[in-house]
1. Using only Cα atoms, what Kirkwood radius does the chain have, in angstroms?
2. Principal axes first, then extents: for the Cα atoms of the stretch 74-115, list largest minus smallest coordinate on each axis, whole Å, largest first.
3. Hey, got the Cα dimensions of the stretch 26-97 along the principal axes, in Å, largest first?
4. Determine the share of the chain's accessible area contributed by carbon and sulfur atoms, expressed in whole percent, with a 1.4 angstrom probe.
Amino acid sequence: QIQLVESGGGSVQTGDSLTLTCTGTGRTFSRYDMAWFRQTPGKEREFVASSSWSNGNTYYGDSVKGRFSITRNSAKNVGWLQMNNLEPNHTAIYYCAADWAVEGGSPLWYEYSYWGQGAQVTVSG
């Protein structure tokens, strides 16, 4: 089964940009839907963005559309979440997820089987 490893988290100032990387091992991302979720203490995981193989579309949560961008290179098993113009309310642990059975870029976290370990993003200022 595919395993996902995240990198690129850190502490930044308001207005900065940051890119998270999700690297997969075991199987190619080809034909997998991939998504990003985030979570803060005491709250449910929130949908951030997804990339659908089946229809070629990308999807974004209302709170981040126009600001974040999801990209991927399936042949190299790498995906990215590009975060621009960050604000303190973006502070969270960000998780990448993937699953071959998910289609249409589902925003439901429990439909994804493969998860990264999480990357902390802290925005101050």
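The values are calculated or read from the model by the stated rules, or taken from the named source; none is laboratory data. Note that this is a predicted model, so its numbers are computed, not measured. Note: areas computed on protein heavy atoms with side chains; ligands, DNA, RNA excluded. Shrake-Rupley method; radii C 1.70, N 1.55, O 1.52, S 1.80 Å.
1. Hydrodynamic radius (Kirkwood, Cα pairs) of the chain is 14.2 Å.
2. 34, 25, 17
3. Extents along the principal axes: 34, 25, 19 Å.
4. 47
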